[in-house]
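Below: one structure, written as structure tokens.
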Amino acid sequence: MRRKARAQAGPDLVLIDGGAGQLRIALDVLQELAVAAPPPIVAIAKGPDRDAGREKFFMAGPDGTIKPPVSLPHNDPLLFFLQRLRDEAHRFAIGVHRAKRQKAIGVSPLDQIAGIGPSRKRALLHHFGSARAVGNAGVADLEMVDGISKAVAQQIYDHFHSAS
């Protein structure tokens, strides 16, 4: 029961990946959300030339002003731990981004047209080379594709040329 109450209380510390600019944005968001007693927020930025081990830590004072950055000794175990946290956040974000991009690659405007399944889509792309070329094609050109009737050709043409 104590754990549940503790989890509902919120975090003890918030780490932000970035420098003073990202810290300012985080503070603005907390203010916009009207968080009564926000936890301490620390922003971690890579040092000059993005060198690991020369990170700068930015914190806000009680009045919301950003204090001058501080550094930890290059061999401090806390610095190593914070670097690993940051690197894991990067790894996770990059993985999510790549998965989204990979999913978007398979999406085509042809997928939005009723009656155009995988076979017709493949035939259209094989004939025209791209969805953009399909969209630029006239009804007569679309009818020349195997499996595309006059009615389906008109439907495809209307999809790309409607004024909506």
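Ranked by the mean number of other Cβ atoms within 10 Å per residue, highest first, peptides 9-18, 35-44 order as 35-44, 9-18.
With no solvent and one point per C-alpha, what does the Debye sum give as log10 I(q)/I(0) for the chain at q = 0.10, 0.15, 0.19 Å⁻¹? For the chain, the Cα-only Debye profile gives -0.65, -0.84, -1.20. Relative to the longest principal axis of the Cα atoms of the chain, helix 20-32 runs at roughly 80 degrees.
Lys pairs in the chain, Cα-Cα under 20 Å, at least 8 apart or on separate chains: how many? Show your work: numbers first, answer last.
Working: K46/K56; K46/K67; K56/K67; K103/K121; K121/K150.
Close lysine pairs found across the chain: 5.
Each stretch of four or more DSSP H residues adds -39500 (n - 2.57); spread over every residue of the chain, this sum gives -16000 deg cm²/dmol at 222 nm. Carbon-plus-sulfur accessible fraction, the range 14-99 (probe radius 1.4 Å, protein heavy atoms only): 63%. Think of a 1.4 Å ball rolled over the protein heavy atoms: the range 22-64 then has 64 Å² of accessible area per residue.
The values are calculated or read from the model by the stated rules, or taken from the named source; none is laboratory data. Predicted model only: the values in this text are computed from it and were never measured. Quick reminder, even Gly has a Cβ in these numbers, built from the backbone with ideal geometry, and neighbours come from all protein chains shown. Surface accessibility is based on the protein's heavy atoms, side chains included, excluding ligands, DNA and RNA. Shrake-Rupley method; radii C 1.70, N 1.55, O 1.52, S 1.80 Å.
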